[in-house]
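Written out below as structure tokens is the structure these notes cover.
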Amino acid sequence: MKLRVLVVAAVSLLLLTRPAASQKAGTIEVGGFGRFTDYDNSLPFTNKVGVGGRVGVFLPARFSVEGDLSTTSNDASGTTVKYTPMHVMLLYNYPLGESSVLVGGGYAHNKYASGGVNTTDNGIAMIVGLRYRLHNMVALRLDLNEDFIPSPANQGPETSFNGNLGMQLGVSFLFSFLK
């Protein structure tokens, strides 16, 4: 059911596009987003919404480098746990009218903090998304990303890897400093 809603939302955004130009090298993207996380089944969390932000720089040949950080509070066995994923990724931005389809991957770092105890794990992040330009400097972003953690903090006989799925919806501001 969740996947069906995401696909309908993404296709709806694609159908609303108008013709326009793509990003150029030197453009900086700064944005905020709400993030819904569907946690790996091995984690004792309920799926929740958090908030985050991103910063990216466009490179030549439709590529960009982007970093994001978000946070979500959750409860596990009566204890509040703060989940903080961070990503650094290389994206390919395929122009599609006023929109750009984003595909990429990179590094994922997850931090779980509760009552002064911090646990972290690292892995690979994959992303697919859509950037819809509302104005020359403003865009809506819808992203799906999967963190594949081959050696998770909760690794054991029953858990050999984790995969947290995130859906991010937000607004970005684009600033071009090169002519």
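Worth a mention:
- Lysine pair count for the chain (Cα-Cα distance under 26 Å; residues 8 or more apart in sequence or on different chains): 7.
- Every Cα-Cα pair of region 37-82 was included, and the share exceeding 14 Å stands at 61 percent.
- Of Asp38, Asp143, the residue with the largest accessible area leads and the full order is Asp38, Asp143 (1.4 Å probe).
- Tilt relative to the chain, helix 2-15 - C-alpha long axis, 0 to 90 degrees, to 10: 10 degrees
- Computed over region 44-140, Cα set: Rg, Dmax in Å: 16.1, 49
- Taken along the Cα-to-beta-carbon direction at a fixed 7 Å, the label points for Ala76 and Ser151 span 1.9 nm.
- Applying D = kT/(6 pi eta Rh) to the chain, where Rh is the Kirkwood radius over alpha-carbon pairs, T corresponds to 37 °C and eta to 0.692 mPa s, the Stokes-Einstein value obtained is 193 µm²/s.
- Measuring between their Cα centroids, region 24-51 and region 100-169 lie 6 Å from each other.
- Compared with the direct C-alpha span, the chain from Met126 to Thr46 gains 26.6 nm at full extension, assuming 0.36 nm per residue.
The values are calculated or read from the model by the stated rules, or taken from the named source; none is laboratory data. Just so it is clear, the model here is predicted, and its values are computed rather than measured. Every residue, glycine among them, receives a Cβ derived from its backbone with ideal geometry; neighbour counts consider all protein chains shown. These accessible areas exclude ligands, DNA and RNA; they are computed on the full protein's heavy atoms, side chains included. Shrake-Rupley method; radii C 1.70, N 1.55, O 1.52, S 1.80 Å.
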